[in-house]
Amino acid sequence: MPAVTGTGSILQSALKYGNDTIKRVVVTSSVVAIMSPVTSPRVFTENDWNEASIEEVETLGSGA
């Protein structure tokens, strides 16, 4: 789960070296966030999420 580990590392670094200058962190995503097996063309919306990845993170932990 490189994305989870990488995001955690960036946040830890921001806490350690931010010197109170960092006001916010914006985490963007990719198409993998909505990736799911489909058998026919379809339009994805903000209601579509990759539930399998959420379950994997909850089951395996962040690895941190």
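Test Arg42 against the stated conditions and say whether it is outside any helix (DSSP H, G or I), among the charged types (D, E, K, R) and modelled with pLDDT of 85 or more.
Working: outside any helix (DSSP H, G or I): yes; among the charged types (D, E, K, R): yes; modelled with pLDDT of 85 or more: no.
It is false that Arg42 is outside any helix (DSSP H, G or I), among the charged types (D, E, K, R) and modelled with pLDDT of 85 or more.
For the range 11-22, give me each residue that is surrounded by 11 or more Cβ atoms within 10 Å (Cβ to Cβ) and either touching a residue at least 12 places away in the same chain (Cβ under 8 Å) or part of a helix (DSSP H, G or I) (or both).
If the condition is that a residue be surrounded by 11 or more Cβ atoms within 10 Å (Cβ to Cβ) and either touching a residue at least 12 places away in the same chain (Cβ under 8 Å) or part of a helix (DSSP H, G or I) (or both), then Leu11, Gln12, Ser13, Ala14 are the ones that fit.
The values are calculated or read from the model by the stated rules, or taken from the named source; none is laboratory data. Because the structure is predicted, anything quoted here is derived from the model rather than measured. Neighbour counts run over all protein chains shown; Cβ positions are idealised from the backbone, glycine included.
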